[in-house]
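Worksheet: the structure to be examined is printed underneath.
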Amino acid sequence: MSALKPAGFYRQSGVIPLHEGRIVLVTARKSKRWIIPKGVIEKHMSPEDSAAKEAYEEAGVIGSVRKKELGRFSYVKWGGICTVRVYPFYVEKLLDEWEEMHERKRKVVSVGEAIDMVDHDELAGIILAFFAGLKKRK
């Protein structure tokens, strides 16, 4: 079992990147499971800004993050439980090259595909609720 990390490592944030009505997913580094861009909340940043930074680094997307949290999900890592705050992110540009492009795959998929591809039921529920809310506003 891996050593426990400082408490701050278990507080994370991520985004659901929305690009032309579709979702941008990335693979996790080790497991290659499909996930949303996420990571430890940087000490000098808000959770939503930290999540936007992860989206840029992990998925090569530029855009705007909204401050309204969509929900939270948890997963086991580093011998503890990480809790991820999830925010909407509206993609303005998909980069051809980005920082982690050789460590992860990126895929732009429909909402239904994203729900089937992500491995976390809580995250799938957050994605579904987000898109149901978008449809109601139209």
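Rule-based calculations on the coordinates, nothing more; no lab input. All values reported here derive from a predicted model rather than from experimental measurement. For neighbour counting, all protein chains shown are included, and Cβ atoms are generated from backbone atoms with ideal geometry for every residue, glycine included.
Tabulated results
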read-out: Kirkwood hydrodynamic radius of the chain, from inverse mean 1/r over distinct Cα pairs, in Å; value: 15.0
read-out: Choice from Gly80, Gly14, Gly63 with maximal GNM fluctuation in the chain (Cα, 10 Å cutoff); value: Gly80
read-out: Gain on full stretching of the segment that runs from Tyr75 to Ser46 - 0.36 nm per residue minus C-alpha separation; value: 8.3 nm
read-out: Average Cα contact separation per residue, the chain, under 8 Å, 6 or more apart, as relative contact order %; value: 30
read-out: Net +/- balance of residues flanking Tyr87 in space, Cβ distance below 11 Å, scoring K and R +1, D and E -1; value: +2
